[in-house]
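Let me begin by presenting the structure, written as structure tokens, before commenting on it.
The values are calculated or read from the model by the stated rules, or taken from the named source; none is laboratory data. Fair warning: this is a prediction, and the values are worked out from it, not measured in the lab. When we count neighbours, we look across all protein chains shown, and the Cβ atoms used for this are built from the backbone with ideal geometry, even at glycine.
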């Protein structure tokens, strides 16, 4: 999940490269500190490494709480199913009805701190059709002030600049993404002659799910 792109600390609003964020967050004077333990987790997209975030998971945080947070921050469009994979175990957001004798998957009621520790890596999938995959790594522990919010944003990547890919010659900044062309960035000039038409164009938002399944953008921001 390493990347050289910049992000913004949610507490002090200063910008840092991702490689410096873990140390900065732990020492940030604006972040509320206390006697409670929490986990610092970096979330990234293996397909689009320019997108990443750092989050704090307090001791009471469940997989279900982290699932809800990721949906609000980056993913939610149509209430799709989701799942975490930790080690050899898979934890799913919806268990549904199963035939007699069929193995029932694990749900998301487990506490995160019981399943992972510093240096643990695990994965997450949202939407088992047009899937967005994420990789998560616990980079350390933090001393925090107890909060009713089990998961909180610590830092977020700055929106990357997208360049039009309609032609090899075009170097304009993209103004939208074509949902019919695998979320291809396209500029306003090239859109005039693009075969898919304006109805196929989705907004550019700060998320690895931009341009997929009508996703409109995050509800959690720095």
**OP:** Evaluate the following for residue 57: is it at pLDDT below 90 and under 17 Å from the mean Cα position of the chain (by Cα)?
**Re:** no
**OP:** Give me the pairs, please: first residue somewhere in segment 107-135 and outside the structural domain of residue 52 (by TED's automatic domain parsing) and over 15 Å from residue 55 (Cβ atoms), second residue anywhere and surrounded by fewer than 14 Cβ atoms within 10 Å (Cβ to Cβ) and at pLDDT below 95, beta-carbon distance under 6 Å, and either six or more positions apart or on two chains.
**Re:** none
Original post:
Among (1) farther than 30 Å from residue 15 by Cβ; (2) touching a helix residue (DSSP H, G or I) at 6+ places or on another chain (Cβ under 6 Å), which single condition is residue 193 missing?
Top reply: (2)
Original post:
What do you reckon, is residue 128 crowded, with 20+ Cβ neighbours inside 10 Å and either out of contact with any helix residue (DSSP H, G or I) (no Cβ under 7 Å at 6 or more places or on another chain) or modelled with pLDDT of 95 or more (or both)?
Top reply: no
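Conditions (1) modelled with pLDDT of 90 or more; (2) surrounded by 13 or more Cβ atoms within 10 Å (Cβ to Cβ); (3) within 24 Å of residue 44 (Cβ to Cβ); (4) assigned by TED's automatic domain parsing to the domain that holds residue 26, marked per residue:
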| site | (1), (2), (3), (4) |
| --- | --- |
| 153 | yes, yes, yes, yes |
| 169 | yes, no, no, no |
| 187 | yes, yes, no, no |
| 190 | yes, yes, no, no |
| 196 | yes, yes, no, no |
**OP:** For residues that are part of a loop (DSSP other than H, G, I, E, B) and either surrounded by fewer than 18 Cβ atoms within 10 Å (Cβ to Cβ) or not assigned by TED's automatic domain parsing to the domain that holds residue 145 (or both), tally how many sit in segment 12-47.
**Re:** 11
Subject >> Qualifying residues in segment 203-219 (those that are buried (at least 20 other Cβ atoms within 10 Å of the Cβ) and free of Cβ contacts under 8 Å to residues at least 60 places away in the same chain) - the one nearest to the chain's Cα centre (by Cα) >> reply: 210
Subject >> Filtered residues of segment 140-151 (kept if touching a helix residue (DSSP H, G or I) at 6+ places or on another chain (Cβ under 8 Å) and buried (at least 20 other Cβ atoms within 10 Å of the Cβ)) >> reply: 142, 150, 151
